[in-house]
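To start, the structure itself, in structure tokens.
We did not get these values from a lab; they are worked out from the coordinates using the rules stated. All figures in this text were calculated on a predicted structure; none of them were measured in a lab. Methodologically, a virtual Cβ is constructed for each residue, glycine included, from the backbone with ideal geometry; neighbour enumeration extends over all protein chains shown.
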């Protein structure tokens, strides 16, 4: 009898397990050549999920060098003015890709709002509340975590706000 392949636990999964937060793991085959802007939509297709219920994690930088994490639907663009107002900051800019791993512990395409090296202020687009379950990166390429948006927000101490334009 063939054994089922085991998924290696990521920081995000270990953190949710330790907190007793229920989640489901969805895996997909990582494809080369998918433009970064289309990656989230392709992943939603690969796991058979509504793209509106799948959220990408973007990390922004404050004028004083702090960070704010923003989770938005994969098919949308972050409105930095809305995000900075919601975060109580004068402005926000996107974190440079080279800084993701040292600051957050995740690489581009695998950044999760859960299990970062440090807890940052987190905002989740309000549309997440339209779904019983949403998807976020599991902290590794080829891995998505499906969980309640309320559990996600509670665990990340996040607020639901309008983040897209």
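Observations on the structure shown:
- Candidates 62, 57: the one that is under 12 Å from the mean Cα position of the chain (by Cα) and touching a residue at least 24 places away in the same chain (Cβ under 8 Å) is 57.
- Test result for residue 92, under 21 Å from residue 151 (Cα atoms), surrounded by 20 or more Cβ atoms within 10 Å (Cβ to Cβ) and in contact with a strand residue (DSSP E or B) (Cβ under 8 Å, 6 or more places away or on another chain): no
- Residue in the range 64-80 that is loosely packed, with under 13 Cβ neighbours inside 10 Å and on the phi > 0 side of the Ramachandran plot present: yes
- Residue check, residue 83 in contact with a strand residue (DSSP E or B) (Cβ under 9 Å, 6 or more places away or on another chain) and surrounded by fewer than 16 Cβ atoms within 10 Å (Cβ to Cβ): no
- Against the numbered list (1) on the phi < 0 side of the Ramachandran plot; (2) surrounded by fewer than 20 Cβ atoms within 10 Å (Cβ to Cβ), residue 116 comes up short only at (2).
- Search result, residues across the range 130-154 that are assigned to a helix (DSSP H, G or I) and either touching a helix residue (DSSP H, G or I) at 6+ places or on another chain (Cβ under 6 Å) or farther than 24 Å from residue 82 by Cα (or both): 149
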